[in-house]
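Notes follow the structure.
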Amino acid sequence: MVNRIFLSPPHMSGQEQKYIDEVFKSNYIAPLGAYVTKFEEMITAHTGASYALATSSATAALHLALRVLGIGKDDLVLASSFTFIGSVAPILYQNAQPVFIDSDSSWNLSTELLTKAIDELPVKPKALILTHLYGQMAEIDEIVSICKAHGIFLIEDAAESLGASFKRQESGTFGDLGVFSFNGNKILTTSGGGMLVSENESWIKKAEFLATQAREEALFYQHEEVGYNYRMSNVLAAIGVAQMEVLVQRVAKKREIFSWYQEELSALEEITFMPEVAQSIGNRWLTTLTFAKTDPFSVIKALEKENIESRPLWKPMHLQPLFKESLTFLNGMSEKLFHSGICLPSGTAMCRSEVQKVSTILKEML
Ligand SMILES: *Cc1c(COP(=O)(O)O)cnc(C)c1O
């Protein structure tokens with residue numbers, strides 16, 4: 001495995017072990033402590049969000065977001081279809097009903113279909129879970145105004161887009177609530193973890209209450225509603241603090257890797273890279289592209305033979321057997337992307353020669 005080129009492996013800053021040692025010295029080997037608070041402060045400082053809550057995963061943070069917004073049985077929740085399962089599984093945890101919206105040429109949520117869904121659904125949806133796919137911003141200002149005009153809560157799934165921005169405002173801070181992920185292959189990692197952010201202090205306080213078993217204020221253990229064990233460990237938060245110190249460099253490197261692939265491959269007519277919405281700066285978490293003719297799965301196999309990890313694009317949620325009964329507003333876009341695209345290795349420790357090696361194999365295949 002030594003010479004394997006991975007899709008997006010963890011990339012430590014070098015300070016992680018030192019901070020973990022401090023956690024051990026303090027003996028706060030617990031889902032609370034100074035590093036949890038520091039990690040939350042670094043997220044609010046970087047993103048400009050007013051309040052943050054560190055969680056065990058982004059999926060947990062999304063579940064908390066639905067809970068604090070009061071979304072429950074049979075409520076309709078709009079969602080990007082072209083996303084990862086963690087984005088939408090919490091809708092099912094709440095026994096609510098997902099309504100999947102297809103993509104447009106940005107690869108992200110189609111604002112046209114969003115408007116159509118709101119107009120045509122017999123019941124008003126309560127919320128939209130919007131994914132910024134592969135770290136690239138959706139048409140966020142238009143989506144914010146559509147949601148505001150119709151009184152629909154906006155939850156930004158910024159699990160892939162930490163450090164991305166639109167008109168200098170950070171992803172995750174446009175919606176009523178935003179969520180980041182620190183899973184193993186995200187731009188920053190704590191091995192596993194998430195963050196919930198908002199401008200609304202009472203929602204973040206309520207989320208914290210729910211994330212710590214919904215313990216009422218009393219000397220004894222008193223419970224009036226169901227909660228979860230969703231807080232982040234102080235040990236993992238120490239990793240998060242060390243990772244946050246290099247976020248700006250990591251975004252710059254992801255974007256540099258994308259530009260290297262562009263230089264190598266953009267002359268090929270067969271290839272189209274994922275676009276960037278005007279006035280946005282994506283974090284290019286993964287370099288993704290589509291082929292006009294070539295089967296992406298044959299490319300993935302060819303790269304695998306050279307010990308290079310690549311992946312298909314997300315299989316849209318409306319094509320998943322789990323959601324075969326769900327309502328949809330489709331235009332064929334995400335299905336077409338799924339059948340024609342791949343994610344290329346984009347680890348921030350990659351060097352130019354590795355990008356060239358991947359690109360040479362692609363050129364030979366086409
Ligand atoms: C990774 C990811 C999630 C889930 O994050 P976890 O921290 O692993 O729970 C949710 N949505 C999207 C779009 C993701 O890429």
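The values are calculated or read from the model by the stated rules, or taken from the named source; none is laboratory data. Nothing here was measured: the structure is a model prediction, and the numbers come from that model. Because the Cβ atoms are built from the backbone with ideal geometry, glycine has one as well, and the counts that use them run over all protein chains shown. Just the protein is used for accessible areas: all its heavy atoms, side chains included, with ligands, DNA and RNA removed. Shrake-Rupley method; radii C 1.70, N 1.55, O 1.52, S 1.80 Å.
Residue count for region 163-183 under the criterion of being away from the ligand (no atom under 11 Å from the Cβ) and either open to solvent by 20 Å² or more (accessible area, probe 1.4 Å) or part of a loop (DSSP other than H, G, I, E, B) (or both): the result is 12.
For region 291-348, the tally of residues that are β-branched (Val, Ile, Thr) and part of a strand (DSSP E or B) stands at 3.
In region 139-161, the residues that are of a type in the set (A, V, I, L, M) form Cβ pairs under 9 Å with partners that are assigned to a strand (DSSP E or B) and surrounded by fewer than 16 Cβ atoms within 10 Å (Cβ to Cβ), at six or more places apart or across chains, as follows: ILE140/GLN169. Does SER280 satisfy the condition of being open to solvent by less than 40 Å² (accessible area, probe 1.4 Å) and within 16 Å of the ligand (Cβ to nearest atom)? Against the criterion (open to solvent by less than 40 Å² (accessible area, probe 1.4 Å) and within 16 Å of the ligand (Cβ to nearest atom)), SER280 does not qualify.
One residue stands out in region 184-200 among those that are away from the ligand (no atom under 11 Å from the Cβ) and surrounded by fewer than 18 Cβ atoms within 10 Å (Cβ to Cβ): the one that is nearest to the chain's Cα centre (by Cα), namely GLU199.
Based on this model, can you work out whether ASN331 counts as in contact with a Lys or Arg (Cβ under 7 Å, 6 or more places away or on another chain) and surrounded by fewer than 17 Cβ atoms within 10 Å (Cβ to Cβ)? Considered against the rule, which asks whether it is in contact with a Lys or Arg (Cβ under 7 Å, 6 or more places away or on another chain) and surrounded by fewer than 17 Cβ atoms within 10 Å (Cβ to Cβ), ASN331 comes out as no. Under the condition of being touching a residue at least 12 places away in the same chain (Cβ under 8 Å), among the acidic types (Asp, Glu) and in a helix (DSSP H, G or I), the residues counted in region 253-290 number 1.
Here is a yes/no grid of residues against (1) surrounded by 19 or more Cβ atoms within 10 Å (Cβ to Cβ); (2) within 10 Å of MET317 (Cα to Cα); (3) within 14 Å of the ligand (Cβ to nearest atom):
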position	(1), (2), (3)
THR83	yes, yes, yes
PRO90	yes, no, yes
ASN95	no, no, no
TRP107	yes, no, yes
SER110	yes, no, no
LEU114	yes, no, no
